[in-house]
Amino acid sequence: MDIKAPRGVRDILPDESWRWAYVLDVTAKTMADFGHSEIHLPIFEQTELFSRGVGDTTDIVEKEMYSFTDRGGRGITLRPEATAGMVRSAVEHGLCAQGAASRLWCWGPMFRYERPQKGRYRQFFQIDVETLGLAGAVADIEVIALSAEIFRRLGLKNLEVVLNSVGCPKCRPIYREKLLAHFLTNKDKLCKDCLLRLDRNPLRLLDCKEPGCGAVADAAPAIYDCLCDECAAHFEDVQNGLNTLGFRYKLDKRLVRGLDYYTKTAYEILSGDLGAQNAVCGGGRYDNLSESVGGPHLPGVGFAAGVDRILLVMEEQRCSFGKSLKKEVYVVAQDDTPAVRNAALSLTHKLRMEGIPVEQDAGDALGKKRSAKAQMKSADNAGVAWACIVSQDEAQKIVVVMKNMTTGEQTTVQPEEVARRVKEA
Ligand SMILES: [Zn+2]
Ligand SMILES: [Zn+2]
């Protein structure tokens, strides 16, 4: 076939999808334990939500969005991240009306036009968590603890929490000036992109991956001296909370995240096993996002974690994915008489109604029935615990030979007995 999946997207095939289900199961349970409710959001939103919410000067909005005009002339964008949509939804439906707090989570595909590489796709899956309506540091601590707990339950090792504060509109301008001065005196060492970003958003230069810029950023002043009293106290409360819970973390003055909406807390959880793309989750506080998209004041804190990346780390660290869903029974029709075929069909359906995973022979691609021998071979290949061979005895009565595929032992039983025997084994 000439038609292939577009560059940068991939299919999650059956031999992998059960691992996704496992990660999402563990995630959903952890969310419930932390009081977060699931929410399903649209995959596309008005473009303005992201240009105003995520920020016009970010890489996402400048170069990575899948935007188009729909047939009604509306500017539409496939969501590049979930936070802006979550805030939009909470405001639109009054989830935080009258000072209520909302703890939400969602998961699904996000879209960014990036250069594809290992663990990075143009359609990628994120688990996204947001706590809305709470300004205090306890919410930040809860969110960081929740992300770490998901990874702990999944069995991830060698993880490190990296923490920073990016200040607020009161104190960040002071830091911005300091940074600008530092970068201006080192202008000759900066890359082309950084020179362009310098005036608009010098904070973004801190996370440039170019070695020349990195050296300049390492020598840049930290924000800590510039934080206003409120931001400094919040930052300290967050650290105290993490200490209380016994989390290992380190401060990184260069951690600013690639989105404009963060205020105060910014954090990432890094895996030592992911190379340059080493963040398994990232997030922080965004107290002004709602206002920037025309909503009321609504403080928020959250994180996003990439499912593709989590799976990559789990595979590298040989984490357990629980049990794969195995078929337990393969039903074989001994011959092609209508009585036997119908009995095999009924047995299959009755076992499935009992919650037993069953496969049966359904012919081949040409619609041809297959011999009992060919069916037994399929049973073998399917790795089932039992082959149930349906046939008629001399008295024309339907009987089932249950073959234990591990021991090879065979027992002849009535069709009604099969479910009980499978369950008892
Ligand atoms: Zn501040
Ligand atoms: Zn640079």
Can you tell which of E177, E130 is assigned to a strand (DSSP E or B) and either surrounded by fewer than 21 Cβ atoms within 10 Å (Cβ to Cβ) or under 17 Å from the mean Cα position of the chain (by Cα) (or both)? E130
Give the residue, chosen from R257, R204, that is among the basic types (K, R) and in a helix (DSSP H, G or I). R204
Subset of the stretch 317-353, residues in contact with a strand residue (DSSP E or B) (Cβ under 6 Å, 6 or more places away or on another chain) and assigned to a loop (DSSP other than H, G, I, E, B), comes to K327, Q334
Being among the small types (G, A, S), part of a loop (DSSP other than H, G, I, E, B), at positive phi and within 16 Å of ligand 1 (Cβ to nearest atom): is that true of G167 here? yes
Scan the stretch 214-232 and report the pairs whose first residue is in contact (Cβ under 8 Å) with a residue 12 or more places away in the chain and within 9 Å of G167 (Cα to Cα) and whose second residue is part of a helix (DSSP H, G or I) and of a type in the set (F, W, Y), with Cβ atoms within less than 7 Å and a gap of 6+ or a chain change. I223/Y175; C226/Y175; L227/F235
All-but-one check, R52 against (1) basic (K, R); (2) within 17 Å of the chain's Cα centre (by Cα); (3) part of a helix (DSSP H, G or I), failing number (2)
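This table checks each residue for (1) within 30 Å of I141 (Cβ to Cβ); (2) of a type in the set (D, E, K, R).
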site	(1), (2)
E160	yes, yes
C168	yes, no
F183	no, no
L196	no, no
D199	no, yes
R204	yes, yes
D207	yes, yes
E210	no, yes
L227	yes, no
Can you say whether C168 is more than 16 Å from ligand 2 (Cβ to nearest atom), touching a residue at least 12 places away in the same chain (Cβ under 8 Å) and more than 29 Å from A305 (Cβ to Cβ), as far as the supplied structure shows? no
It is to be established whether one or more residues within the stretch 136-144 are surrounded by fewer than 21 Cβ atoms within 10 Å (Cβ to Cβ), touching a residue at least 24 places away in the same chain (Cβ under 8 Å) and not in a helix (DSSP H, G or I). yes
What residue, among those in the stretch 1-27 that are in a helix (DSSP H, G or I) and among the small types (G, A, S), is surrounded by the most Cβ atoms within 10 Å (Cβ to Cβ)? A21
Reported set for the stretch 171-208 where residues are within 19 Å of V61 (Cα to Cα) and in contact (Cβ under 8 Å) with a residue 60 or more places away in the chain is R197, R200, N201, R204
Determine whether L179 is away from ligand 1 (no atom under 16 Å from the Cβ), farther than 30 Å from E315 by Cα and not assigned by TED's automatic domain parsing to the domain that holds T58. no
State whether one or more residues within the stretch 209-220 are within 26 Å of I310 (Cα to Cα), crowded, with 16+ Cβ neighbours inside 10 Å and more than 16 Å from ligand 1 (Cβ to nearest atom). yes
Looking at D70, D59, which is the one that is touching a residue at least 24 places away in the same chain (Cβ under 8 Å) and either among the acidic types (D, E) or touching a His at 6+ places or on another chain (Cβ under 8 Å) (or both)? D59
Those residues that are surrounded by fewer than 15 Cβ atoms within 10 Å (Cβ to Cβ) and closer than 23 Å to A266 by Cα, I need them from the stretch 194-208; list them, please. D199, R200
R285 is checked against (1) of a type outside the set (D, E); (2) within 22 Å of the chain's Cα centre (by Cα); (3) within 16 Å of ligand 2 (Cβ to nearest atom); (4) modelled with pLDDT of 90 or more and fails just one. What number does that condition carry? (3)
Only one of these is on the phi < 0 side of the Ramachandran plot, within 16 Å of ligand 1 (Cβ to nearest atom) and not assigned by TED's automatic domain parsing to the domain that holds E160: L203, L198. Name it. L203
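The values are calculated or read from the model by the stated rules, or taken from the named source; none is laboratory data. Computed from a predicted structure; not experimentally measured. FYI the Cβ positions are ideal-geometry reconstructions off the backbone, even for glycines, and counts take in every protein chain you see.
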